[in-house]
Amino acid sequence: MAKSSPEAVSLAPEALAKYEPVIGLEVHVQLLTKTKIFCGCSTRFGDPPNSNVCPVCLGLPGTLPVLNKRAVEMAMRASLALNCTVHEHSRFARKNYFYPDLPKGYQISQYELPLATGGWLEIEVGGVKKRIGITRLHLEEDAAKNLHEGFAQSARKAYIDYNRCGTPLSEIVSEPDMRAPDEAYAYLTTLRQIMLYTGVSDGNMEEGSLRCDANVSVRPRGSKEFGTKVEVKNLNSFRFLQRALEYEIERHIGVLEGGGRILQETRLWNQAEGHTVGMRSKEKAHDYRYFPEPDLLPVHISPAWREEVLHTLPELPEAKRARFVSSHGVTPYDAEVLTNTQALADYFESMVKVGAPGKAAANWIQTELLRRLKDSGKEIDSSPVLPTSLADLVKLVESNKITGAIGKKVFATMFESGRTAAEIVAAEGLGAQVTDSAIEQAAREVIDKNPDNAAKFKSGNEGVFKFFVGQVMKVTRGQADPQAVNDILRKLLS
């Protein structure tokens, strides 16, 4: 970890072991709606600055907000997927503060009556599962985007793009249940995966669709009292989150061990220099002067509407992993990889549906397909090999109509050409299996040429057997049945 900050010190392991970190995360998730939360402007990313704006999202006098029903549905999906209680009544409030990115001088958010509370999600770190509580999920509008140019105070310029202003957000606030940066990393990745599965957000951290603020403190191990909390704002990658927390935990412990006092403040992560920097003091609670939004009616969620949204939820990653292990015979590790995205899970299930054995399908996806996709810069959605085509190849290998080595060569051609396995095998004559008599002849030749290794095997050196198998497969150009090669070699060598 970088130690560029003057506050960073090298700490002995015993000093680190004396303290327990306490971490909570506030995650802003941009909801995947086509229009903004209180007006009809597009939420499309990348359009020219200030082109997706109107009098409502610019906060011009005399305008009135109108709530986007789709945004409420999306937030309900997220709440239910996170095991939250969606309340029948919630209410918007005005959060008052003055900043150039907030044209009205206040943000429309939810305060005393949020949409949902009391949820949880389960993480796994080092093979140990842990439940992390979720305090609340509420709806709010996003602010505009500030762009800064220049560093010298006299020459510094700021620009504001209001396209993002009014974009619908769900703010998801966790309980302070995490005790290590690894747990915070697992929480954020798990949360993002659930948002992707439910279609609530695209989770694109580079475009600001998922942003995270971390609250961190330390306390002596065994203590029930919380230490002084510091907020690290606007962490827009999983790696930055982990590194910022690691740095802050060491900084806090270093200050305490040196007899100092932690200041309650907001800090930013400086990735280039590998440390956090102070942004503003939070010694006193900021008074946002919340009051109910007079231009919006309270939100009413009927039980029927809540049930309707609940029934649209897809199978979530944790349940899918368990089903893959129990129904398709894959390992927990396989299931973890295969459920990384909904598209990858669907690809695997499509293969199994047309007859590919589950474990074999999982192996081919992980060892061949994902490697080829990564090398070519493609996503699973744009794979040139369809799941039904890969399933046909797997069935050819599993039925011993072609060998595994030949199968890999066929797959490479499938990926490059888009042709089916049957077409390639027929065109190149790869399906012709070597007869047992031809295998035996090849085996005798290999044994006769390697009398020293044959003697080693007969004296109990089992390790040289693979050498003989490899040589016979080479002589038969990889077209012999591996099991037949094993059986015939053992008979001749014994």
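The values are calculated or read from the model by the stated rules, or taken from the named source; none is laboratory data. Not measured: the values here are computed from a predicted model. As a convention, Cβ positions derive from the backbone with ideal geometry for all residues, glycine included, and neighbour counts pool all protein chains shown. With ligands, DNA and RNA removed, areas are computed over all heavy atoms of the protein, side chains included. Shrake-Rupley method; radii C 1.70, N 1.55, O 1.52, S 1.80 Å.
Listing for the model above:
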| item | result |
| --- | --- |
| CD proxy at 222 nm, helix term only [per DSSP H run n ≥ 4: -39500 (n - 2.57); per residue of the chain; nearest 500] | -11500 deg cm²/dmol |
| Estimated FRET transfer efficiency (R371, E273; beta-carbon r; R0 25 Å; 0.05) | 0.10 |
| Interatomic Cα distance distribution for the stretch 310-431, bins of 5 angstrom, percent | 2, 11, 23, 23, 19, 12, 6, 3, 1, 0, 0 |
| Principal axis dimensions, the stretch 198-261 - Cα atoms, whole angstrom, descending | 47, 21, 14 |
| Calculated FRET value between S237 and N461, using beta carbons and R₀ = 60 Å, to 0.05 | 0.70 |
| Given K95/K224; K34/K145; K95/K145; K409/K456; K130/K320, the pairs whose alpha carbons are separated by over 23 Å | K95/K224; K409/K456 |
| Separation of the S223 and E20 label points, Cα + 7 Å toward Cβ, nm | 1.2 |
| Options G166, A361, V230, ranked by Cα towards positive dipole end of the chain, top entry (Cβ charges) | V230 |
| Rough spin-label spacing in nm, given labels placed 7 Å along Cα→Cβ, for S42 and H89 | 4.1 |
| Estimated dipole of the chain in Debye, rounded to 20 [Cβ of Lys and Arg +1, of Asp and Glu -1, Cα centre] | 360 |
| Radius ratio Rg over Rh of the stretch 314-377, counting only Cα atoms, Kirkwood formula for Rh | 0.95 |
| Overall Cα dimensions of the chain - principal axes, largest extent first, Å | 91, 55, 50 |
| Segments 212-218, 257-263, 356-362 sorted - mean Cβ within 10 Å per residue, highest first | 212-218, 356-362, 257-263 |
| Cα centroid of the stretch 356-380 to Cα centroid of the stretch 213-233, whole Å | 42 |
| About the Cα centre, charge dipole magnitude for the stretch 131-266 (Lys/Arg +1, Asp/Glu -1 at Cβ), debye | 300 |
| Peptide ranges 313-322, 201-210 listed from the most packed, as the mean C-beta count within 10 angstrom indicates | 201-210, 313-322 |
| Among 409-422, 25-38, the order from most to least packed when residues are scored by Cβ within 10 Å on average | 25-38, 409-422 |
| Contour excess over end-to-end distance, with Cα ends at A343 and N400 and 0.36 nm allotted per residue | 17.6 nm |
| Contour minus Cα-Cα distance for T312 and A426 (0.36 nm per residue) | 36.5 nm |
| Additional length obtainable on full extension of the chain from Q264 to D287, 0.36 nm per residue less Cα span | 6.7 nm |
| Karplus (6.51, -1.76, 1.60) ³J(HN,Hα), θ = phi - 60°, over the stretch 89-96, in Hz, Gly and Pro reported as x | 10, 9, 8, 8, 9, 9, 9, 8 |
| Carbon + sulfur, % of accessible area of the chain - ligands and nucleic acids excluded, 1.4 Å | 53 |
| Dimensions in Å of the stretch 217-355 - Rg and Dmax from alpha carbons | 23.6, 67 |
